[in-house]
1. Starting from 0.36 nm per residue, how many nanometres of slack lie between residue 100 and residue 32 once their C-alpha separation is accounted for?
2. Roughly speaking, what is the stretch gain from residue 170 to residue 46, that is 0.36 nm per residue apart minus the C-alpha to C-alpha distance, in nm to one decimal?
3. Running a GNM on the chain with Cα contacts under 10 Å, which residue among 163, 225, 217 ends up with the highest mean-square fluctuation?
4. Using Cα pairs closer than 8 Å and at least 6 residues apart in sequence, work out the relative contact order for region 50-247, in percent.
5. In sequence order, what are the phi-derived ³J(HN,Hα) couplings for region 23-38 according to the Karplus relation 6.51 cos²θ - 1.76 cosθ + 1.60 with θ = phi - 60°, rounded to whole Hz, with x for glycine and proline?
6. Working from Cα positions, state the angle (0 to 90°, nearest 10) between the long axis of helix 165-194 and the longest principal axis of the chain.
7. Report the net charge of residues surrounding residue 146, where surrounding means a beta-carbon distance below 14 angstrom and charges are Lys +1, Arg +1, Asp -1, Glu -1.
8. Residue by residue through region 12-22, what is 3J(HN,Hα) from phi via Karplus (6.51 cos²θ - 1.76 cosθ + 1.60, θ = phi - 60°)? Round to whole Hz and write x for glycine and proline.
Amino acid sequence: MNVLVVLTCILFILMTLVGGKKGAKSFLAIFFNFAVLLLIILLMNDPNLDPVILTFIACILISCITLFFINDVNSKTTIAFFSTLITIVILLFFIVVVNKMAMIQGFGEEEIEELSSYSLYIGIDFVKIGASVIIMSTIGAIVDVAISIASPMREIYLHNPAISRKTLFKAGVSIGKDILGTSANTLFFAFFGSYLGLLIWFKDLSYSFGEIVNSKIFNAEMITILWAGIGVSMNIPITAWITAYFLVKEK
């Protein structure tokens, strides 16, 4: 039997045993999100479609699947959904601007040999493609942080309905501080670990430290890591404020 099939079955069994019905839903959500990503990638090949708009639509679908399909529609998932979208809109605006200034779009000189046989006149804006890649790389972490803050804040409010909006907001930020450190490290090692091959390639090319730091490929990956951290950091106060405003206003 194929190794992928075996590992997939093991993952499904473990997620179902540990998480029950919600674990099974989480397993299915992985494939639904993969289908969304695949569809968006295919649509991005059309030069008449804006990659940024497609990315935003994909973020909406992925957020809906991750939040509403797994955890159902309730106050905490609704709050996490809106805070995620607000963070994504802010990030998309700044990422497009910063990526254009940093000139990390396109391909590095190390990739010229592989690309020499292909036409580069494909009519696709690589600045927007780069922004889409960064957002797609961070959407999972942003949704995770949003629900991780909205859920305990809702529990705090339910156990203390007389709590003030300011106090609830401070509690949410305090929760976010505990999440921030681990989330930032998780993102850093997830990205950096997946690009160990890139560092080995630089070693084979006998690059100096200065050449590595100034390489377009290395800079693109580091900027992705930094944007992921910025997105998570921004999402904490946004989620805390929306949750505090929404819950206390209901009172």
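1. 21.3 nm
2. Extra length available between residue 170 and residue 46 comes to 40.1 nm.
3. In this elastic network of the chain, the residue with the biggest mean-square fluctuation among 163, 225, 217 is 163.
4. Values: 181 pairs, mean separation 69.2, N = 198.
The normalised contact order for region 50-247 reaches 35 percent.
5. So the J values, rounded to whole Hz, are x, 5, 5, 4, 5, 5, 4, 4, 6, 5, 5, 5, 5, 5, 4, 5.
6. Between the helix axis and the principal axis of the chain, the angle is about 30 degrees.
7. +1
8. Running phi through 6.51 cos²θ - 1.76 cosθ + 1.60 with θ = phi - 60° gives 4, 4, 5, 5, 6, 5, 7, x, x, 4, 5 Hz.
The values are calculated or read from the model by the stated rules, or taken from the named source; none is laboratory data. Nothing here was measured: the structure is a model prediction, and the numbers come from that model. Note that each Cβ is placed from the backbone with ideal geometry, even for glycine, and that neighbours are counted across all protein chains shown. Keep in mind that these areas ignore ligands, DNA and RNA; they rest on the heavy atoms of the full protein, side chains included. Shrake-Rupley method; radii C 1.70, N 1.55, O 1.52, S 1.80 Å.
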